[in-house]
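> Submitted below is the structure of interest, expressed as structure tokens.
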Amino acid sequence: MHFLLLYDYVPDILERRGPHRSEHLRLAWEANEQGTLVLAGAVADPVDGAVFIFDCEEESKVREFALNDPYVKHGLVTQWKVRPWTTVVGKDAKTPVRAVGL
């Protein structure tokens, strides 16, 4: 199952993230190396949030990631949510759906 973890950042995230960034990235790379976090990064123009794509069976793993993230712990994330994501197109889609005749 794919899940999206969506963050909303404080307006001054770029100024405040410094002391916590290394630990935040360590946590993300560890999840990637374990195979649960597929992609992650901040949205740009403006930098006001981030999107994480998880591939795991348990939504609780995604929630655990967020609760352990120093950006969340130190108030740089104003709100976050986990959304199950039904993927239908692409080689890694969990429920591929093709157009009729393809």
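The values are calculated or read from the model by the stated rules, or taken from the named source; none is laboratory data. Quick caveat: nothing in here was measured; it's all calculated off a predicted structure. Ideal geometry is used to build each Cβ from the backbone, glycine not excepted, and the neighbour counts take in all protein chains shown.
> Filter segment 1-15 down to the residues that are surrounded by fewer than 14 Cβ atoms within 10 Å (Cβ to Cβ) and in a helix (DSSP H, G or I), then identify the one that is farthest from the chain's Cα centre (by Cα).
Per the criteria, the residue is Glu15.
> Hey, another quick one. I want to confirm something. Restricting to segment 48-77 and keeping residues that are surrounded by 14 or more Cβ atoms within 10 Å (Cβ to Cβ) and among the β-branched types (Val, Ile, Thr), which single residue is nearest to His20 (Cα to Cα)?
Step by step, filter segment 48-77, then rank; the result is Val72.
> Is it the case, given these coordinates, that Thr87 is surrounded by 12 or more Cβ atoms within 10 Å (Cβ to Cβ), under 17 Å from His24 (Cα atoms), of a type in the set (Val, Ile, Thr) and modelled with pLDDT of 95 or more?
Against the criterion (surrounded by 12 or more Cβ atoms within 10 Å (Cβ to Cβ), under 17 Å from His24 (Cα atoms), of a type in the set (Val, Ile, Thr) and modelled with pLDDT of 95 or more), Thr87 does not qualify.
> Give me the pairs: first residue in segment 1-17 and modelled with pLDDT under 95, second residue crowded, with 16+ Cβ neighbours inside 10 Å and of a type outside the set (A, V, I, L, M, F, W, C), beta-carbon distance under 8 Å, and six or more apart or on different chains, which are they?
none
> For Gly18, state whether it is exposed (fewer than 11 other Cβ atoms within 10 Å of the Cβ) and at positive phi.
Criteria not met by Gly18.
> Would you be able to tell me the number of residues in segment 27-43 that are surrounded by 11 or more Cβ atoms within 10 Å (Cβ to Cβ) and either acidic (Asp, Glu) or farther than 21 Å from Phe3 by Cβ (or both)?
Matching residues across segment 27-43 total 1.
> Only one of these is β-branched (Val, Ile, Thr) and more than 15 Å from the chain's Cα centre (by Cα): Val62, Val51, Val97, Val82. Name it.
From the options Val62, Val51, Val97, Val82, the qualifying one is Val97.
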